[in-house]
1. Can you find even one residue in the stretch 274-281 that is surrounded by fewer than 19 Cβ atoms within 10 Å (Cβ to Cβ), in contact with a strand residue (DSSP E or B) (Cβ under 9 Å, 6 or more places away or on another chain) and not in a helix (DSSP H, G or I)?
2. Taking Tyr269 as meeting all but one of (1) hydroxyl-bearing (Ser, Thr, Tyr); (2) surrounded by 21 or more Cβ atoms within 10 Å (Cβ to Cβ); (3) over 24 Å from Arg20 (Cβ atoms), write down the number of the exception.
3. In the stretch 213-239, which residue that is outside any strand (DSSP E or B) and of a type in the set (Phe, Trp, Tyr) is modelled with the lowest pLDDT?
4. Could you check the stretch 342-398 for strands (runs of 3 or more DSSP E) lying wholly inside it with 1 or more residues that are loosely packed, with under 14 Cβ neighbours inside 10 Å?
5. Among the residues of the stretch 160-170, is any modelled with pLDDT under 95 and not small (Gly, Ala, Ser)?
6. Within the stretch 176-212, how many residues are at pLDDT 95 or above and part of a loop (DSSP other than H, G, I, E, B)?
7. Pro45 passes all but one of (1) without any contact (Cβ under 8 Å) to a residue 60 or more places away in the chain; (2) closer than 30 Å to Arg377 by Cα; (3) crowded, with 16+ Cβ neighbours inside 10 Å; (4) of a type outside the set (Asp, Glu); which number fails?
8. Just the residues that are in contact with a helix residue (DSSP H, G or I) (Cβ under 9 Å, 6 or more places away or on another chain) and of a type in the set (A, V, I, L, M), please, taken from the stretch 166-190.
Amino acid sequence: MKVLVIGGGCREHALCWSLRQDPEVKNVYAAPGNAGTATLAENLPIAADDVDALTRWAQELRPDLTVVGPEAPLCAGIADAFGRHGLPVFGPPQRAARLEGSKVWTKELAQRYGVPTAEARAFDDPREAISFSRRFPFPQVIKADGLASGKGVFIAADFPQAQAAIASLMEQRIYGEAGRRILIEAFLEGVELSAFALFDTKQYLFLGVAHDYKRVDDGDRGPNTGGMGAFLPSPFVSPALLQQIDASILARLHAACVAERLDYRGVLYAGLMVTSGGPLLLEINVRFGDPEAQVLLPSLGTPLSELARAVCRDELGKLRLLRHRRSVVGVVIAAPGYPQRPRQDDPITLSEKKPSVSEAEGVLFHGATKLTQGVLRTAGGRVFTAVGWGGRIADARKRAYEQVNAVSFPGMHFRKDIASFLAGRPVPELEA
């Protein structure tokens, strides 16, 4: 079986690693990949968003399956392009990728289909947005409509902060066309969760939930990032809450996709806030999260290749999902200057000592890494995700940070508090 993985971050290394757990997968290709995927796959010198070049390559090599990591190629229509040539893709078509590509469109869809979500208004005129913001309760959340690499969300504590956020998005266009329209949304208090489900055009399959850490510094301080760490299972999630997430969020989203004829085949990642009144939808992503994928994939007992093929064939109803009974913790190692201006091209040293963490206990996923004349170097913001697992969060956390300590490069930054308040907890029964 030949599989193409599109993308070049930690998530895509995790996808390659997960695919390699299936002996039926003989050849894996990564476009463009990184220094880590090169140990598991053949890296291709094709950008993840170069749909035309990827389509030409796929027409010639005919992969049995393509797994798309990032959102940009999905929003650019890669599933549509491959589909026209009979090439199965684990990832939704362009019209369904709008669920991530437009927060305004997604908010309107959620409201139409009764998916619980925060009160919000959409604006394409900055003056109208500022006028509304002045009257709307604070704190308030201001979101760019389009794709902004997970950084287009501002929490404004007062009107001057809101005014500055609106100006930066709509007038200064710090995220380009993504800020042409914005949402001003009610601020929600509660516990934030990431919920994952597989969707085909007939059924859906709830994979589970994970916690991630979005702020760059310990104690949830500093600017938002694409994610600085994640863990599962969650001690905050009871069987009753899982059932509520399933019934009120995922079932209604799947029904919406079917009713709107979106032909959604892939993973859906719902960002949720669990409030005193229940779970509310914050956002939708049309792919695995990063870093959530790095902790979710090691928790699954059913091979990713089997899951993806079932989705592509509309056969989720025939699938039995197996899970490993383990806790998993992932810690992101970032370059200095991340998320604003990450420094690149620093040499990386990996400890030559025999690792204390075995392959059965954890893995170091590469993200923004490259090999230059035999030297491993940084190539962007999030350089690695160190992942560990075990019977308790304490075991998983210890193994993750042991792998962090095996990495060294100038100015490397990581949070020291990932899952720290959970260190003694065993795996809850509900995740068995």
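1. Our first condition is that a residue be surrounded by fewer than 19 Cβ atoms within 10 Å (Cβ to Cβ); within the stretch 274-281, this holds for 275-278.
Next cut, in contact with a strand residue (DSSP E or B) (Cβ under 9 Å, 6 or more places away or on another chain) only: 275.
Next, from what is left, pick out any that are not in a helix (DSSP H, G or I): 275.
Yes, the stretch 274-281 contains a residue that is surrounded by fewer than 19 Cβ atoms within 10 Å (Cβ to Cβ), in contact with a strand residue (DSSP E or B) (Cβ under 9 Å, 6 or more places away or on another chain) and not in a helix (DSSP H, G or I).
2. Just one mismatch for Tyr269, condition (3).
3. Initially, the stretch 213-239 is screened for residues outside any strand (DSSP E or B), giving 213-214, 218-220, 225-228, 233-239.
Subset that is of a type in the set (Phe, Trp, Tyr): 213, 236.
Working: Tyr213: 95, Phe236: 80.
Only one residue fits best here, namely Phe236.
4. On the way: elements: 362-366, 369-372, 375-378, 382-390.
The qualifying strands (runs of 3 or more DSSP E) are 369-372, 375-378.
5. Here is the first cut: in the stretch 160-170, the residues modelled with pLDDT under 95 are none.
Within the stretch 160-170, not a single residue is modelled with pLDDT under 95 and not small (Gly, Ala, Ser).
6. 8
7. (3)
8. To start, the set of residues in the stretch 166-190 that are in contact with a helix residue (DSSP H, G or I) (Cβ under 9 Å, 6 or more places away or on another chain) comprises 166-175, 178-185.
The answer is Ile166, Ala167, Leu169, Met170, Ile174, Ala178, Ile182, Leu183, Ile184.
The values are calculated or read from the model by the stated rules, or taken from the named source; none is laboratory data. No experiment lies behind these values; they were computed from the predicted model shown. Heads up, the Cβs are rebuilt from the backbone with ideal geometry, glycines too, and the neighbour counts pull from every protein chain shown.
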